[in-house]
Amino acid sequence: MTRFKRRKIAGVVKCIILMLVPFCTAGAAKGIPFIKSAVDRIGNISVGENGEDTAVKSDYYNVPQKNASEDVLNGSIILSEGYGISAEEDFSLDINLQNPLDMVSDNPGEKPYPSEDEWTAGIDIVRTTYGEYSGTSFFNLSDGGQVNNKTSVSNSVLIEESRLLPDFTTSDTDEPQVLLYHTHTTESFEPYVRENLDANFNYRTTDETKNMIMVGNAIQAELEAQGIGVIHVTEIHDYPSYNGSYGRSRESIVPILEQYPSIKVALDIHRDAVSSDTFAAQPYIEIDGKEAAQIMIISGCDDGTLDMPNYMKNFHFACSLQQQFEKDYAGFTRPILFDYRHYNQDLTTGSLLIEVGSHGNTLEQVQYSGQLIGRSLGELLNKIKE
């Protein structure tokens, strides 16, 4: 049963109880708080914890290597029920998520996350915080954040485009408005802050408590806390075969977009792989006393061969979201990568890919980043309601 169906059932049950209240005796009334508490929990039931470029994305079996270490540091169809709270509850409530290391999957799959005694020491992990970039390909956005323009479209044109609002609006509805999915579902992270990357682990796991599904769940929880309906696709698209994963994720999400025309935003949530031959970067920033992995939005451009006529509309959304992130959490983002990429971004005018940290980041850092993404995205979507 989906969250939307449960929410509707919960609403019906609540209405029935309210209709029965006047007919209850004084003695029976003592039990109503308990009944209502149980009904409220219905909306919160969860069923779980639940064009490639190797310079940006990792190969499935090997962590990518960058040629120049200094460039690295410079920065040159299963629907998850998540663990959010229902739209009827107080939006201001803090959501306390379980530490991913403490989560235990009912079915970790064929490639489980390594246990503590299986870790081996590999290349160094370098903790770093990316700041503002310089260079002709970079330009600043009006309200914070930057764009890394890797295309032939001039910066002056993109600066003007960056000032435009998203080309869609949201509404008050029980229908889903955000779709979360993961083309590279099994991408994974470090267990905690330490000095060395693991020598044998390729940072891929089918354990949904330790891969991108966990990050998506954190985003979903925060969006639903703000009353925004979410569908989260937790289908694994990159295992056992990595090749063809974008085609498989497309097959997962197209039927959902057709079934729910209310969906305005489709986010493919990944992690980066920032490394050299000798070290892996851990891009992080402290926000409200807690470490978060820095994130990067990728917005694809069409050179006439990618069949994305509305790519600039995605760019409008990317710039609005980037500025919202930076307004809420200064330093949280790396520059938007605007490049000739497809990444299924032809499907909506709110389609983007978001890299949440890198394989050198920790599970807890990226889960927190997922929460921050959800909070800022929810704030932006609520600003552009009809």
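The values are calculated or read from the model by the stated rules, or taken from the named source; none is laboratory data. Keep in mind it's a predicted model, so treat the numbers as computed, not measured. With ideal geometry, Cβ positions are generated from the backbone for all residues, glycine too; neighbour counts draw on all protein chains shown. SASA here: full protein model, heavy atoms, side chains in, ligands and nucleic acids out. Shrake-Rupley method; radii C 1.70, N 1.55, O 1.52, S 1.80 Å.
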For the stretch 168-313, what does the accessible surface come to per residue with a 1.4 Å probe? Please give it in Å². 30
Using the Karplus curve 6.51 cos²θ - 1.76 cosθ + 1.60 with θ = phi - 60°, work out ³J(HN,Hα) for each residue of the stretch 173-178 in order, rounded to whole Hz, and write x for Gly and Pro. 8, 7, 7, x, 10, 10
Can you list residues from other chains, or at least 5 along the same chain, whose modelled amide H is less than 5 Å from the amide H of SER275? LYS66, ALA281
So for the stretch 162-271, what are the equivalent ellipsoid semi-axes in whole Å, largest first, each being the square root of 5 times an eigenvalue of the Cα gyration tensor? 29, 17, 13
Using the Karplus equation 6.51 cos²θ - 1.76 cosθ + 1.60 (θ = phi - 60°), what ³J(HN,Hα) coupling, rounded to whole Hz, does each residue of the stretch 340-353 give in order, writing x for Gly and Pro? 7, 10, 9, 6, 6, 8, 8, 7, 9, 8, x, 9, 9, 10
Cα→Cβ-extended label distance, 7 Å offset, between VAL104 and ALA121, nm: 3.1
List the GluC sites (Glu not before Pro) within the stretch 97-202 that DSSP assigns to loop and that have no more than 14 neighbouring Cβ atoms inside 10 Å. GLU110, GLU132, GLU195
Given 37 °C and 0.692 mPa s, compute D for the stretch 139-195 with the Stokes-Einstein relation, Rh being the Kirkwood radius over Cα pairs; round to the nearest whole µm²/s. 204
When a/c is below 1.5 the answer is rounded, else prolate if a/b is larger than b/c, else oblate, so apply that to the stretch 240-366 with a ≥ b ≥ c taken from the square roots of the Cα gyration tensor eigenvalues. prolate
If you average 1/r across every pair of different Cα atoms in the stretch 214-264 and take the reciprocal, what Kirkwood value do you get, in Å? 12.4
